[in-house]
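Input: a single structure, listed below in structure tokens.
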Amino acid sequence: MVDLNLLRLVPILAKEKNVTRAAQKANLSQSAFSHALNRLREQLKDEMFIRTRNGMEPTPYAAMMIPVIENALSKLDTATRGPSHFDPTRDAHTFYIGAVDYFEFMFMPVLTARFKTIAPNVRLSVDILSETIKVERVEKGQLDAFIGVDTVQHIPHYFNRYPLISDHFVAIASVERTDLPETLTLKHLVSESQIHLPAVSSGADHIDSWLLSQHLYRPLATVVQSYAVGGRVAVATGYLMCVPFRIALELAKMLPLRIMALPDGAPSYDLLLLTHRLYDYQPAVQWLINELKVVRV
């Protein structure tokens, strides 16, 4: 097996054509360089370089080897240099994120507007998938991150977790529901027909779990897959819908809805950024993580 440290001297001597200059270039003494060259001659059974009037010239065998050695050294240098640098102001990149509806509804407008200025060639592609599929795709490197909900789903230990936002639940209903008070009671929650948007695909839900802990249930009239649709259904039917407060504020700007507080003890809604330890060391993903951690909605 030829020593790689010996092979790297070949292109240097071929370029410098002088052992003294080549030794300086390789940060070796002249005697150490000459000794290394002799070892290489012995191992490869070829003179490698011959002294001529033009300096040290490679033999045909050495000349054939030089481009191969240079190519191999270049690949090794690239492989050991670490992940490539990411410049959001110049680099084109698409990030793929699995997320819950809250993230798409609240974060995407803010992030897209921000990236338009600071990262004009960066795109975000969001998939609203089941948690199982999202976890699997992150593990395979097909998704860069997963935006999930704390406490209502299992999160594998090999994921890195970053808190994104904490919200609290309120209820929304059509502005025509003037019969409802500003703060609902548990009696309202267990008697009023409601619109349901599951926190996760398994159907687990903060409000249902909270009521169940008190041996209570709420009547669910319909299930929707997005807050925007849920808000429209609430206007059309007069049904209640329990949603995070920031979502309620945005829906009330777009639709004739009123916002009501829930009884004391109602749960919080905590959003997490989840990345896989196999992949999140990459500069581009690290940049995305930092952007998501500091964005304000």
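For an R0 of 25 angstrom, estimate the FRET efficiency from the Cβ-Cβ distance between residue 187 and residue 237 and round to the nearest 0.05.
Step by step, r from the Cβ atoms, then E = 0.80.
Roughly what would the spin-label model give for residue 39 and residue 2, points 7 Å off Cα along C-beta, in nm?
A separation of 1.5 nm, rounded to one decimal place.
Set Lys and Arg Cβ to +1 and Asp and Glu Cβ to -1, take the dipole of region 4-81 about its Cα centre, and tell me which of 4, 56, 23 lies farthest positive.
Of the options given, the answer is 23.
For the chain, what does the accessible surface come to per residue with a 1.4 Å probe? Please give it in Å².
54 Å²
When DSSP assigns beta bridges and you keep just the ones with both residues in the chain, what percent turn out antiparallel, to the nearest 5?
Close to 65 percent.
Please arrange 61, 102 by accessible surface area, largest first, computed with a 1.4 Å probe and ligands excluded.
61, 102
State the extension gain, in nm to one decimal, for the chain segment bounded by residue 73 and residue 25, taking 0.36 nm per residue of separation less the distance between their alpha-carbons.
Result for the pair: 15.7 nm of gain on full extension.
Using a Förster distance of 25 Å, how high is the FRET efficiency between residue 249 and residue 96, based on the Cβ-Cβ distance and rounded to 0.05?
Efficiency computed from Cβ-Cβ geometry: 0.30.
Probe 1.4 Å, all protein chains in place: accessible area of residue 239 in Å², nearest 10?
80 Å²
Quick one: length gained pulling residue 87 to residue 32 fully straight, 0.36 nm per residue minus the C-alpha distance?
15.6 nm
Hey, rough spin-label estimate for residue 179 and residue 209, points 7 angstrom out along Cα→Cβ, what's it come to in nanometres?
Inter-label distance under the simple model: 3.3 nm.
Give me the extension gain from residue 220 to residue 294: residue separation times 0.36 nm, minus the current Cα-Cα distance, reported in nm with one decimal.
23.0 nm
Please give the FRET efficiency for residue 140 paired with residue 63, using the beta carbon to beta carbon distance and R0 = 41 Å, rounded to the nearest 0.05.
The computed FRET efficiency comes out at 0.35.
Suppose each label sits 7 Å from its Cα in the direction of the beta carbon; what would the residue 155-residue 229 distance come out to in nanometres?
Rounded to a tenth, the inter-label distance reads 2.7 nm.
The values are calculated or read from the model by the stated rules, or taken from the named source; none is laboratory data. Bear in mind that the values here come from a model prediction, so they are computed numbers and not experimental data. Note that we place each Cβ from the backbone using ideal geometry, even for glycine, and neighbour counts take in every protein chain shown. Ligands, DNA and RNA are stripped out before the accessible areas are found, and what is left, the full protein with its side chains, is counted by its heavy atoms. Shrake-Rupley method; radii C 1.70, N 1.55, O 1.52, S 1.80 Å.
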